[in-house]
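The values are calculated or read from the model by the stated rules, or taken from the named source; none is laboratory data. Quick caveat: nothing in here was measured; it's all calculated off a predicted structure. Here the Cβ positions follow ideal geometry from the backbone for every residue, glycine too, while neighbour counts run over all protein chains shown.
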């Protein structure tokens, strides 16, 4: 795992393509991944922003997100927001 990606362990594993998914790797978004999104919406962990961004930076697709257990969304959205926080302060 590099500083350009994080691995999120899911509280509730789910099935995707016949495999049990227990964690998701998120790549740090670049400017192109944020196209059409409000950065404020992304940082405020708005669901619509996450549904647009997550398929661009992970193995998840929109259907995965719509069917996902709610408790899995919070850690994913928290990690996305953490990409935009300067921890050097």
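Brief remarks follow.
Rundown of residues vs (1) out of contact with any strand residue (DSSP E or B) (no Cβ under 6 Å at 6 or more places or on another chain); (2) surrounded by 11 or more Cβ atoms within 10 Å (Cβ to Cβ); (3) touching a residue at least 24 places away in the same chain (Cβ under 8 Å), yes/no style:
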| residue | (1), (2), (3) |
| --- | --- |
| 25 | no, yes, yes |
| 31 | yes, no, no |
| 41 | yes, yes, no |
| 49 | yes, yes, no |
| 60 | yes, yes, yes |
| 73 | yes, yes, yes |
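- Failed criterion for residue 85 (all others in (1) part of a loop (DSSP other than H, G, I, E, B); (2) modelled with pLDDT of 95 or more hold): (2)
- Residue 78 fulfils the conditions (1) surrounded by fewer than 12 Cβ atoms within 10 Å (Cβ to Cβ); (2) within 10 Å of the chain's Cα centre (by Cα); (3) touching a residue at least 60 places away in the same chain (Cβ under 8 Å) except for a single criterion, (3).
- Leading residue by the ranking (farthest from the chain's Cα centre (by Cα)) among those in the stretch 1-20 that are without any contact (Cβ under 8 Å) to a residue 12 or more places away in the chain and within 19 Å of residue 68 (Cβ to Cβ): 18
- For the criterion of being in contact (Cβ under 8 Å) with a residue 40 or more places away in the chain, more than 22 Å from residue 4 (Cβ to Cβ) and out of contact with any helix residue (DSSP H, G or I) (no Cβ under 7 Å at 6 or more places or on another chain), residue 69 passes.
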